[in-house]
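Before any comments, here is the structure.
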Amino acid sequence: MRTKSTLVCGVILGASVLAVAHGQQGLPAIGQTTVAVVDMTRIFETAQMPKDLERIFGEKKTEIEAEARVKKEKIDVIQKELNSGAFAKDSPDYHDRILQMETLKLRADHWLRNKERSLAGERKRYFEVLYKQVTQACRDVAQSQGIDIVLSDNPVDFDIPDAAVLINQILAKKVVYASPRVDLTQLVIDRFDNEYLRLGGADTIKLAK
């Protein structure tokens, strides 16, 4: 059974096709309802904020990995001491080194898990902010153009090797065809980037120490 939203989209797209077929100019419309599309994939790939997010989170990940290596090197030093035979295995010094090494391992593992969990949480939070700001830019552009409905028209990735994934992408696609004249993608990117830079750009992205 078709859902209500599916029927609505079908009616909108059907009316759009009829409008084009009859040579009507301007945006497709049902009565006074105008429709346009945006490519959300292109926005997330080319707008400035997602680029800055990927760079900043990549730098933070590299920083965490570097600190993790330092912690591991301290553990490796103790391990080398134990392997060198410098301490008798039944000596207090040997057991002290074992305890020290195991303690450092536990602390390093706990530290790394917390850092990775924190970074993943911040990444999710910032991409939620990104999505909200992109949709706000879509709303602003749509209102300035007198558009009532904006549909997400993402491309299908035919380079995916898994046929099942490809089929799911095809079936999930909301828009089968849209004329370039109703594509607001570049206008949304320009609006979004201008507002993002006006507010401070990458300086507004603050990650936990």
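The values are calculated or read from the model by the stated rules, or taken from the named source; none is laboratory data. Because the structure is a prediction, the values reported are computed rather than measured. Note that each Cβ is placed from the backbone with ideal geometry, even for glycine, and that neighbours are counted across all protein chains shown.
I need every pair where a residue in segment 159-174 that is in contact (Cβ under 8 Å) with a residue 60 or more places away in the chain and closer than 19 Å to Met40 by Cα has its Cβ under 9 Å from the Cβ of a residue that is among the hydroxyl-bearing types (Ser, Thr, Tyr) and not in a helix (DSSP H, G or I), sequence separation at least 6 or different chains.
Lys174/Ser152
Can you name every residue in segment 74-93 that is within 23 Å of Asp109 (Cβ to Cβ) and in contact with a helix residue (DSSP H, G or I) (Cβ under 8 Å, 6 or more places away or on another chain)? Walk me through how you get there before you give the answer.
Taking segment 74-93 as the starting set, the residues that turn out to be within 23 Å of Asp109 (Cβ to Cβ) are 74-83.
Those that are within 23 Å of Asp109 (Cβ to Cβ) and in contact with a helix residue (DSSP H, G or I) (Cβ under 8 Å, 6 or more places away or on another chain): Lys74, Ile75, Ile78, Gln79, Glu81, Leu82.
Across segment 22-50, what is the total count of residues that are part of a strand (DSSP E or B) and either under 29 Å from the mean Cα position of the chain (by Cα) or at pLDDT below 60 (or both)?
Here is the first cut: in segment 22-50, the ones part of a strand (DSSP E or B) are 29-30, 33-38.
Remaining after also requiring either under 29 Å from the mean Cα position of the chain (by Cα) or at pLDDT below 60 (or both): 29-30, 35-38.
Residues in segment 22-50 being part of a strand (DSSP E or B) and either under 29 Å from the mean Cα position of the chain (by Cα) or at pLDDT below 60 (or both): 6 in total.
Report yes if some residue within segment 188-205 is exposed (fewer than 13 other Cβ atoms within 10 Å of the Cβ), at pLDDT 90 or above and either assigned to a loop (DSSP other than H, G, I, E, B) or touching a Pro at 6+ places or on another chain (Cβ under 8 Å) (or both); otherwise report no.
The answer is yes, given that some residue of segment 188-205 is exposed (fewer than 13 other Cβ atoms within 10 Å of the Cβ), at pLDDT 90 or above and either assigned to a loop (DSSP other than H, G, I, E, B) or touching a Pro at 6+ places or on another chain (Cβ under 8 Å) (or both).
Table: residues versus (1) assigned to a helix (DSSP H, G or I); (2) surrounded by 13 or more Cβ atoms within 10 Å (Cβ to Cβ); (3) among the β-branched types (Val, Ile, Thr).
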position	(1), (2), (3)
His110	yes, no, no
Leu119	yes, yes, no
Lys124	yes, no, no
Gln133	yes, yes, no
Asp140	yes, yes, no
Leu166	yes, yes, no
Gln169	yes, yes, no
Val175	no, yes, yes
Gln186	yes, yes, no
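Of the conditions (1) surrounded by fewer than 15 Cβ atoms within 10 Å (Cβ to Cβ); (2) not in a helix (DSSP H, G or I), Phe87 clears all except one; give me its number.
Answer for Phe87: the failing condition is (1).
Restricting attention to segment 162-183, which residues are of a type in the set (S, T, N, Q) and under 22 Å from the mean Cα position of the chain (by Cα)? Before you say what the answer is, go through the steps one by one.
Our first condition is that a residue be of a type in the set (S, T, N, Q); within segment 162-183, this holds for 168-169, 179.
Matches in segment 162-183: Asn168, Gln169.
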